[in-house]
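Take a look at the structure set out below.
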Amino acid sequence: MNLTVGQIAEILNGEVTGDPNTLVTNISSLEDAQPDSVSFLANPKYQQHLYRTRAAAAIVSDTFIPKHALNTSLIRVNDPYLSFTALQAEYQRLSILKKTGIESPAHMGAGVTYSDGFYLGAFAYIGDHVTIGKNVKIYPQVHIGDHCKIGDHTIIYPGAKIYERTVIGAYCNIQAGAVIGSHGFGFAPRPDGSYQNIPQMGNVKLGDHVDIGANTTIDCATLGTTYIEDGVKIDNLVQIAHNVEIGKDTVIAAQTGISGSAKVGKHVMIGGQVGTVGHIHIADHTKVGARSGVTKSTKSDQILFGVPAMDRQGYLKSYAIYKKLPEVMVRIQELEQKILNLTPNSPK
């Protein structure tokens with residue numbers, strides 16, 4: 001990155017207090033910053049680091065008032081944390097855009113089309129009739145099956161496996177080891193107790209701005225499409241089963257499993273190690289706490305905890321009783337003993 005403080009402020013729609021012409025070449029924390037760094041202050045409790053930093057500039061709130069003299073320029077914005085993450089994204093984008101061309105050895109099938117800014121790493125495999133948009137970056141050892149479509153500015157990191165007929169939107173990030181379009185868990189029981197494989201003949205479709213974490217798997221549909229809508233963010237080590245639909249701007253944390261044909265609404269937040277049964281609907285704006293088990297459809301805006309998952313207030317009341325069970329059990333045993341010791345003529 002080679003930007004002036006003024007150019008960074010322009011990118012972030014901020015205002016500069018200090019020298020706008022200072023050159024910035026990297027991003028750092030306030031503590032580790034060098035004279036060519038830009039940093040940020042979002043939490044006031046770290047304010048003391050701002051007065052000692054060597055950074056060329058710091059991104060701060062537009063309401064920030066320094067308590068001591070500063071040796072750094074300020075870039076004033078509405079939300080320092082969001083602005084800093086936006087700058088990191090821009091920095092990453094500029095770094096990745098430098099990668100172009102096709103490394104060797106790599107396989108390109110018949111009828112593959114790609115556009116400007118394309119990068120293909122060594123030992124990658126692209127099947128037949130794959131369509132690739134502008135500025136797509138495909139890192140080494142990626143496999144892309146026949147008839148896939150990949151939108152503009154998408155990045156597929158090393159070792160990801162994209163099965164045939166998968167559709168990936170624009171500005172997606174597929175992390176290392178992810179598997180998209182794998183065979184769904186479909187087996188029909190036979191009379192003898194064995195299982196007949198059910199061919200999974202559908203595909204997977206990702207919308208725009210979708211992030212898929214490392215070693216996450218998304219199964220293709222039995223028929224039709226497993227669909228991940230725009231803006232969905234899925235963590236590492238998540239399992240999305242066949243025919244699942246996940247709504248816009250939903251986030252799912254690591255080690256979660258969404259069972260087949262479940263429908264997850266928009267703006268849902270799912271914590272780590274959550275499990276769901278199949279064929280249910282998790283409504284828009286639902287929040288599911290970590291390690292919960294969702295066994296039935298939900299209502300919009302619910303906050304759920306526990307196994308089976310229940311409304312937060314009910315869960316907290318139940319858990320308060322659960323914590324007291326040992327002492328309740330002792331009390332019950334004491335009462336039982338008193339009852340057993342009663343004689344017909346003993347006073348009540």
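Taken together, the values in this text are just the output of simple stated rules run on the coordinates, not laboratory data. Only a predicted model underlies this, so the values are computations on that prediction, with no experimental measurement involved. In this analysis, Cβ positions are derived from the backbone assuming ideal geometry, glycine residues included, and neighbour counts consider all displayed protein chains.
When the range 101-312 is described by a simple charge dipole with +1 on each Lys and Arg Cβ and -1 on each Asp and Glu Cβ, the residue from 240, 257, 117 located farthest towards its positive end is 257.
For the range 127-175, the Kirkwood estimate of the hydrodynamic radius, built from every pair of different alpha carbons, is 10.3 Å. Dipole magnitude for the range 3-97: about 260 debye, using +1 per Lys or Arg Cβ and -1 per Asp or Glu Cβ, origin at the Cα centre.
Beyond 19 Å in Cα-Cα separation lie the following of the pairs 205/263; 205/248; 161/287; 263/287; 137/161; 266/296: 161/287.
Determine, at each q value in 0.09, 0.11, 0.16, 0.19 (inverse angstroms), the log₁₀ of I(q)/I(0) that the Debye formula gives when each Cα of the range 205-314 is one equal point scatterer. Values, matching the q order: -0.18, -0.28, -0.60, -0.86. For the chain, the dipole from Cβ point charges (+1 on Lys and Arg, -1 on Asp and Glu) about the Cα centre works out to 1220 debye, to the nearest 20.
With n ≥ 4 as the cut-off for DSSP H runs, can you work out [θ] at 222 nm for the chain, using -39500 (n - 2.57) per run divided by the number of residues, rounded to the nearest 500?
On the way: 5 runs with 57 residues, N = 348.
So the helix-based figure for the chain works out to -5000 deg cm²/dmol.
Given +1 at the Cβ of Lys and Arg, -1 at the Cβ of Asp and Glu and no other charges, the dipole of the range 84-184 around its Cα centre is 180 debye to the nearest 20.
Among 76, 54, the order by Cβ neighbours within 10 angstrom, fewest to most, reads 54, 76.
Look at [x] 18.4, 53; [y] 27.4, 99; [z] 27.8, 104: the one that is Rg and Dmax of the Cα atoms in Å derived from this structure is [y].
Of the residues 41, 80, 22, the one whose Cα sits farthest toward the positive end of the charge dipole of the range 3-97, with +1 on the Cβ of Lys and Arg and -1 on the Cβ of Asp and Glu, is 41.
Exposure proxy shown here: for 329, 310, 269, the number of other Cβ atoms within 10 Å sets the order, fewest to most, as 329, 269, 310.
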